[in-house]
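What follows is a short report on a single structure.
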Amino acid sequence: ALRGDADVVLAAVRLDGAALAHATEKLREDRGFALAAVKANVSALAHISKNLRMNQEFIEAIVCARPHALGHVEDIWRASRRVVMAALESCGFALQFADPRLRDDKEVVLAAVRRSADALAFASEEIRGDRDVVLAAVKASPSALEHATKPLKEDKEVVLAAVSQCGFALKYVADSLRAEHEVVLTAVRTSASILEYADKSVRESRDFMLALVEMNASALAYAGKSLREDKAFVLQAVGARGEALKCAEERFKDDPEVVLAAVRSRGAALEFATERLRSHTDIVGAALAQNGSALVHAAANLRNDRTIVLAAVTRDGSSLAYGSEDLRRDKEFALMAVAMNGLALQYVTPELKVDKQVVLRAVRQNAHALEHADSRLKRDRETVLAAVLQDGSALAYALESVRNDDIFMISAIAKQPCVLQYAGERLRNNAEVVLGAVKSDCNALMWATPHLRNDRDFVLRMLRVNAAAFEFVPEALRGDRAIALAAVKSIGGCLRYVSEGLRGDKDVVLAALVSNASALELSAPHLRADRDFLQAAVKRNVEVLRYAEESLRSDRAFVTDIVRLNGSALHFASPELRADRGIVMLAIQTMAEANAPREEDDLGGMAFDRGGVPEHYLSLGIQRPSALQYASEELRSDPDFVLEAVEVDPAALGHAMPKLREDQAFVLRAVARNGLSLAGASPPVG
């Protein structure tokens, strides 16, 4: 009865797979039980019924669940491509149990190495010499190179694929490539210790080893003996990477010249010097100049030296932690230390952290030193204010009693608006306090209470004070038309933060474009292609055309209408239209008319010639603007076109290409057309 009890038999099988041989035939024929038994102990496979052992579907289920079961199945299944592939889906190492013909099958082996790269070891020699298979294996696991054939261990691409991931793969590389600089350099990037596998010639190469040390300081330990004993080489090595001193010969660690070169490169290299040199003032001073924390490696007598410790603190306040106890309790020294680096306050003795003179000097040098002050001074108004004046965020270290003092907080906020974030709700809800903070720093609006930030009247007042704070206005109010208009009228770029719907509102966008033409890029797409809207926008700011759709800047009819409004709009037309004679001439005429003085202008007694050019401009050689300056080089080089332009606008000559302006015969022709063009000659003709 017990031999037919599934639970009893399964418990026995877990201990010994052969126990299944004594179970009832019914159990050994039961597919579900047999599968459970083999999962529990793969050796049980030999004792299930023959019918199941010859059932391919069952065998596939077995090897999927327990890939190593492939080693216990009938030979017919180890030669079955389908069964073997099922096993390899779970574990590539199952390849070792496959029939030799399948271990010589490229597709089968590729499936194995993709799951377990080192399964390459079980492939046939021919497949282990297949470049595609080996590359796939070493990219997944560099150690798989061990199983490649010799020719592939000499293949530079295959070798680089392996050592670039794990330098230790160099141990499997052919001797010829262990002397290859690129291969060794690539391997050393992951670990210097692989140099023990590199060719001796590499480790004796001065220049190459220096390059390796620069990349990995530990490489010095693996340099050839002649190099490690060469002082000149060691000097170069530690000068490039100070920490390489750790790997230098002991005699060099006691050599002042070598150690000095090392600590100048990396102050912490002082750790590897001998005790004698760690007491050397010049050497320790050089280390501290590079890294104040190197004080931890200085000899005890120097860690009690005021000059030395002060030099360290100047570089790194935390280095005071390595100073002697006597110095850390010395008030006079503490005052000097915190004056150099306020954060050194953290390492003075407790009695000095409550000394107001010391703490004040510390927070004036670095506001965050307040964090390390005694709690009694964290509630002292004078001390806290001194810190806040340096950096408002230092208020985070003050005690709550200070942050709840409205008079103190209002004074602090006035000096450092960011202090508002640490204020109580009462102040953050006070409109006047918040307005004062926002006036100096738009970010202060972020710290106002939600109630105040959602107050429409307050937001409108706030925008008159500092429109840049619009970015922090709640989304609902950024969709309010009046609020959006108030913001963009002041700062056009605020259009970025208005609601999506208002970015398509013509009045809102036009208001933004007056001060910021680039705001057009923030508007709704349909406005950027609206001809009538853009004409209206260009009237307000001609640079808007720069940001219009390319199709419009290339549209002859549209650009014609625009330059009729403002000649300087030609500047932003497409290159093709800036070479169009008709459009350019229209722009020149429009701009000339715009620049001509009008009767109603208050000229302040200034004398103008009949072309609208102030008479003294001619004597000074000052040129008036002309739309010709925006025309193509081809038109500005065309004598006939420039002469035609000069008739319309005498200032045009000043914007012709230099070759024409320097041509005296041409200038005379231009002057004959319009005498006022004389100022445009180059050099001016007297």
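The values are calculated or read from the model by the stated rules, or taken from the named source; none is laboratory data. In this text, all values refer to a predicted model and were calculated from it rather than measured experimentally. Methodologically, a virtual Cβ is constructed for each residue, glycine included, from the backbone with ideal geometry; neighbour enumeration extends over all protein chains shown. Each accessible area value is taken on the protein alone, full model and side chains, heavy atoms only, with ligands, DNA and RNA left out. Shrake-Rupley method; radii C 1.70, N 1.55, O 1.52, S 1.80 Å.
In order along the range 20-28, the phi-based Karplus estimate (6.51 cos²θ - 1.76 cosθ + 1.60, θ = phi - 60°) of 3J(HN,Hα) comes to 5, 4, 9, 6, 5, 4, 4, 5, 5 Hz; Gly and Pro are listed as x.
Cα centroids of the range 1-69 and the range 417-440: 77 Å apart.
You can think of it this way: the chain between Ala46 and Lys106 has 18.6 nm of extra reach, that is 0.36 nm per residue less the Cα-Cα gap. Its relative contact order, with pairs defined as Cα atoms under 8 Å and 6+ residues apart, puts the chain at 3 percent. Helical content alone sets the calculated 222 nm signal of the chain at -12500 deg cm²/dmol, taking -39,500 (n - 2.57) per DSSP H segment of four or more residues and averaging over every residue. Heavy atoms of the protein chains alone define the surface here; on that basis the chain has 46 Å² accessible area per residue at 1.4 Å probe size.
With the cut-off at under 19 Å, measuring from each backbone N in the range 175-215 to a point 7 Å along the Cα-to-Cβ line of Asp230 picks out 179-182, 185, 195-196, 198-215. All other residues whose Cβ lies under 11 angstrom from that of Phe168 are scored, Lys and Arg at +1 and Asp and Glu at -1, for a net of -1. Taking Cβ atoms as reference points and 14 Å as the exclusive limit, the residues near Val108 contribute a net charge of +1, counting Lys and Arg as +1 and Asp and Glu as -1. For the range 234-386, the dipole from Cβ point charges (+1 on Lys and Arg, -1 on Asp and Glu) about the Cα centre works out to 540 debye, to the nearest 20. The ellipsoid that matches the Cα gyration tensor of the range 258-304 has semi-axes, each √(5λ) in whole angstrom, of 14, 11, 8, with the longest given first. I want the local charge near Met340. Using Cβ-Cβ distances under 13 Å, sum +1 for each Lys or Arg and -1 for each Asp or Glu among the other residues. It works out to a net charge of +3.
Shown for the range 1-141: lysine pairs separated by 8 or more places, or found on different chains, whose C-alpha atoms are under 28 Å apart, numbering 4. Mind running the shape call on the range 57-170? Use the C-alpha gyration tensor, a ≥ b ≥ c as the square roots of the eigenvalues: rounded below 1.5 for a/c, prolate if a/b tops b/c, oblate otherwise. The shape class here is prolate. Placing unit charges on the Cβ atoms only, positive for Lys and Arg and negative for Asp and Glu, gives the chain a dipole magnitude near 1360 debye about its Cα centre. When the charge dipole of the range 161-208 is built from unit charges on Cβ atoms (+1 for Lys and Arg, -1 for Asp and Glu) and taken about the Cα centre, the candidate among Ala169, Ser201, Val184 whose Cα reaches farthest toward its positive end is Ala169. One decimal place: the segment Lys415-Glu249 gains 53.8 nm when fully extended, by the rule 0.36 nm per residue minus the C-alpha distance. Each part gets one Cα centre, and for the range 651-666 versus the range 543-589 those centres are 24 Å apart.
Excluding same-chain neighbours fewer than eight residues apart, the lysines reachable from Lys231 by a Cα-Cα span under 17 Å are Lys246, Lys253.
Listed here are the pairs Lys415/Lys489; Lys150/Lys225; Lys171/Lys200; which of them are more than 25 Å apart at the Cα?
As for pairs spanning more than 25 Å Cα to Cα, those are Lys415/Lys489; Lys150/Lys225.
Rg/Rh for the range 110-187 (Cα atoms only, Rh after Kirkwood) is 0.94. Which entry in [x] 3, 13, 21, 23, 21, 13, 5, 1, 0; [y] 3, 13, 22, 24, 18, 9, 5, 3, 2, 1, 0, 0; [z] 3, 10, 9, 9, 9, 12, 19, 17, 8, 2, 1, 1, 0 is this structure's computed P(r) over Cα pairs in 10 Å bins from 0, in percent? Among [x] 3, 13, 21, 23, 21, 13, 5, 1, 0; [y] 3, 13, 22, 24, 18, 9, 5, 3, 2, 1, 0, 0; [z] 3, 10, 9, 9, 9, 12, 19, 17, 8, 2, 1, 1, 0, the one derived from this structure is [z].
Between Ala596 and Asn404, the FRET efficiency from the beta-carbon distance, with R0 = 51 Å, is close to 0.15.
Tally up the carbon and sulfur contribution to the accessible surface of the chain as a whole percent, 1.4 Å probe, everything protein left in place. Spell out each step's value before the answer.
Working: 14780 of 31730 Å².
For the chain, the apolar C and S fraction of the accessible surface comes to 47 percent.
Round to a whole angstrom and tell me the spacing of the C-alpha centers of the range 469-528 and the range 134-171. Using only Cα atoms, the two centres lie 60 Å from each other. Shape analysis of the range 213-271 places it in the oblate category; the axes a ≥ b ≥ c from the Cα gyration tensor give an a/c of at least 1.5, with a/b not above b/c. May I ask for the angle, rounded to the nearest 10°, between helix 431-440 and the longest principal axis of the chain, with both axes built from Cα atoms and the value confined to 0 to 90°? Computed tilt is about 90 degrees. Short to long, the 10 Å bins of the Cα pair-distance histogram for the range 128-255 hold 15, 42, 25, 14, 4, 0 percent of all pairs. Axis angle, to the nearest 10 degrees, between helix 506-515 and the longest C-alpha principal axis of the chain: 80 degrees. Once the Cα atoms are used to define both axes, helix 56-65 deviates from the longest principal axis of the chain by about 70 degrees.
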